[in-house]
Amino acid sequence: MQIDTESFSVGDRVRVAQPIVVYHHPDHRNQEFNLQGQEGEVVQIVKEYKGRPVSANFPYLVKIGAKFKVHLQAFELEKV
């Protein structure tokens, strides 16, 4: 299965377009927190690990706020 990692680039401003529930948000630790509508910046696109190509399920590392990062898929994001 080919992962589309060409939709976004490092530095792009993005918004979470799908309802995504996480439990590791620093301000809502161990509680449901829906990321839909949150905005952030793509800080990394996972294409390789230790020099070897990988097909990451969640290739986009997005920084939301000062202290929260989350891995997401292209269909879960939209450009701002």
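Values for this structure:
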{"quantity": "Given (1) more than 12 Å from the chain's Cα centre (by Cα); (2) touching a residue at least 24 places away in the same chain (Cβ under 8 Å); (3) closer than 14 Å to residue 62 by Cα, index of the condition residue 37 fails", "calculated": "(2)"}
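Results for (1) touching a Phe, Trp or Tyr at 6+ places or on another chain (Cβ under 8 Å); (2) β-branched (Val, Ile, Thr); (3) in a strand (DSSP E or B); (4) surrounded by 12 or more Cβ atoms within 10 Å (Cβ to Cβ), shown as yes or no for each residue.
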residue: 8; (1), (2), (3), (4): yes, no, no, yes
residue: 14; (1), (2), (3), (4): yes, yes, yes, yes
residue: 31; (1), (2), (3), (4): yes, no, no, no
residue: 36; (1), (2), (3), (4): no, no, no, yes
residue: 41; (1), (2), (3), (4): no, no, yes, yes
residue: 55; (1), (2), (3), (4): no, no, no, no
residue: 63; (1), (2), (3), (4): no, no, yes, yes
residue: 66; (1), (2), (3), (4): no, no, no, no
residue: 75; (1), (2), (3), (4): no, no, no, no
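Bear in mind these aren't lab numbers, they're just calculated from the coordinates by the rules spelled out. Treat the numbers as computed from the prediction; the structure is a model and nothing was measured. Here the Cβ is made from the backbone with ideal geometry for all residues, glycine too, and neighbour counts use every protein chain on show.
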